[in-house]
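First up is the structure itself, then whatever we jot down about it.
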Amino acid sequence: RSWLEPDSYDFSFSGLKSAVLAVINQTKMKGEVLNRGALARGFQSSVIHVLVEKALRAVREQGARQLLLCGGVAANKGLRAALTARCEAEGVPLLIPPLALCTDNAAMIGAAAHLKWKSGEFTPLDMKAEPGLSLENWAVRH
């Protein structure tokens, strides 16, 4: 499980990815056949467990009245089911958009870039990454 600091709400895949690689390498060294399905289920189970626990802890500690699951991760059916069950058990209203609206930001950024490209607006190759860039300020001008 990727808990990081006990009081943190952060989540990191680094330790979990290292653990998966260790299992793969150990299996190869022993000459055993890797059960990919079990490995994938274990990975997903670990991620879901930590995300659900941290989300509910954040709800309690921050005094939230409801929880929203959104973004690309909200398309994960296992996470949707686990969070739904846990929120029902704890009496926390959970909002989850329909699957069709649970997209990854990469698609949105790609669509915005395509519009820029079509309008002939280009950025120099030496630009600096701005993770907090507002798409409103970056909009296509007609």
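Counting only residues that are in contact (Cβ under 8 Å) with a residue 12 or more places away in the chain and of a type outside the set (V, I, T), which one in the stretch 15-28 is nearest to V52 (Cα to Cα)?
L16
Quick test of your reading of the structure: C70 fulfils all but one of (1) open to solvent by 30 Å² or more (accessible area, probe 1.4 Å); (2) without any contact (Cβ under 8 Å) to a residue 12 or more places away in the chain. Name the failing condition by number.
It fails just one condition, (2).
How do the pairs read when you match residues in the stretch 35-60 that are within 20 Å of E5 (Cα to Cα) and of a type in the set (S, T, Y) with residues anywhere that are surrounded by fewer than 17 Cβ atoms within 10 Å (Cβ to Cβ) and modelled with pLDDT under 95, using Cβ under 8 Å and keeping only pairs 6 or more apart or on different chains?
S46/R1
Quick check: is even one residue across the stretch 18-29 more than 20 Å from the chain's Cα centre (by Cα), modelled with pLDDT of 95 or more and in a loop (DSSP other than H, G, I, E, B)?
Among the residues of the stretch 18-29, not one is more than 20 Å from the chain's Cα centre (by Cα), modelled with pLDDT of 95 or more and in a loop (DSSP other than H, G, I, E, B), which makes the answer no.
With the condition kept exactly as written, say whether any residue in the stretch 79-101 is modelled with pLDDT of 85 or more, among the small types (G, A, S), assigned to a helix (DSSP H, G or I) and surrounded by 13 or more Cβ atoms within 10 Å (Cβ to Cβ).
Yes.
Is there a residue in the stretch 120-141 that is under 15 Å from the mean Cα position of the chain (by Cα), more than 23 Å from P6 (Cβ to Cβ), open to solvent by 40 Å² or more (accessible area, probe 1.4 Å) and not hydroxyl-bearing (S, T, Y)? Even if it seems obvious, please write down each step before you answer.
Narrowing the stretch 120-141 to residues under 15 Å from the mean Cα position of the chain (by Cα): none.
Within the stretch 120-141, not a single residue is under 15 Å from the mean Cα position of the chain (by Cα), more than 23 Å from P6 (Cβ to Cβ), open to solvent by 40 Å² or more (accessible area, probe 1.4 Å) and not hydroxyl-bearing (S, T, Y).
Can you report the number of residues in the stretch 77-125 which are in contact (Cβ under 8 Å) with a residue 12 or more places away in the chain, among the β-branched types (V, I, T) and more than 22 Å from G63 (Cα to Cα)?
1
The values are calculated or read from the model by the stated rules, or taken from the named source; none is laboratory data. In this text, all values refer to a predicted model and were calculated from it rather than measured experimentally. Glycine gets a Cβ as well: all are built from the backbone with ideal geometry, and neighbour counts include every protein chain shown. Note: accessible area is taken over every heavy atom of the protein model, side chains too, but ligands, DNA and RNA are not part of it. Shrake-Rupley method; radii C 1.70, N 1.55, O 1.52, S 1.80 Å.
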